[in-house]
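See structure below.
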Amino acid sequence: MVALADLPLKPPPAAPPSPAVPAPRRAPVAVALLAEDPERAARLRALSGVRLVTDPAAADVLVAETPPAPEAEGPPVLVLAEGAAAVAALRAGARAVLSPEAPAAQLDAALVAVARGLAVLPPQALAALAGREAVPAGSGLTRREREVLDLLAAGASNKVIARRLNLSFHTAKAHVASVLQKLGASSRADAVARGARAGLVLL
């Protein structure tokens, strides 16, 4: 008599491998470029998730370098701009703004997001729209100097700046000089212009 424990055990047959289910492919986003720019068009064609079209009405997203007209209707617009121009584009009705030099992967992701109904806002533009513009890295301006720059943009004199910020005249004058020095400006007007180009102040 043979004990059951002495019988060799056969491993159960291996289950056949399940066939791999391919992930559904995302349809490319139809994008129309609103200005003749062969270099920009070539960049868009190279994106994996984008299909470039010539008819804006057939596009999921429009790409432009200037803000849309306030009354414009149609597909959402992604504006390639930075600083104050980016904030102006958002206020004019753009769904998204992105740096003109944004990497391809970032541009691709932004276009897909806009096509899905999302907004794409750089941190600087978001802070500006919230009324508390962040100081860009490298500007070196303190919060007080930002307030001084805002008043310079409004045409305030040193005496007015001192009164508005509850400072002595000499302290206000020193802040103005510091703003000009940090922005590399030669005059108050030049400081305002440089600040506007950097997105530090809205005009």
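Just so you know, all these numbers are worked out from the coordinates, no wet-lab data involved. Treat the numbers as computed from the prediction; the structure is a model and nothing was measured. Counting neighbours? That spans all protein chains shown, and the Cβs are built from the backbone with ideal geometry, glycine included.
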Here the relative contact order (percent) of the stretch 143-197, from C-alpha pairs under 8 Å and at least 6 apart, is 37
Exposure-ranked with fewest Cβ neighbours within 10 Å first, GLU39, GLU101 stand as GLU39, GLU101
Between the modelled labels at GLU39 and PHE169 (7 Å from Cα along Cα→Cβ) the distance in nm is 5.1
Karplus ³J(HN,Hα) for the stretch 182-194 (6.51 cos²θ - 1.76 cosθ + 1.60, θ = phi - 60°; Hz, whole; x = Gly/Pro) runs 5, 8, x, 9, 9, 7, 5, 5, 5, 5, 5, 5, 5
In nanometres, the difference between 0.36 nm per residue of separation and the alpha-carbon distance of SER99 and ASP190 is 30.4 nm
Karplus ³J(HN,Hα) for the stretch 49-55 (6.51 cos²θ - 1.76 cosθ + 1.60, θ = phi - 60°; Hz, whole; x = Gly/Pro) runs x, 10, 10, 7, 10, 9, 9
Residue-ordered couplings for the stretch 147-153, obtained by feeding phi - 60° into the Karplus form 6.51 cos²θ - 1.76 cosθ + 1.60 and rounding to whole Hz (Gly and Pro as x), are 5, 5, 4, 4, 6, 4, 5
For the pair ARG144 and ALA27, the simple spin-label estimate (label points 7 Å beyond Cα toward Cβ) gives in nm 5.8
By the Cα gyration tensor axes a ≥ b ≥ c (a/c under 1.5 gives rounded; else a/b larger than b/c gives prolate, otherwise oblate), the shape of the stretch 29-129 is prolate
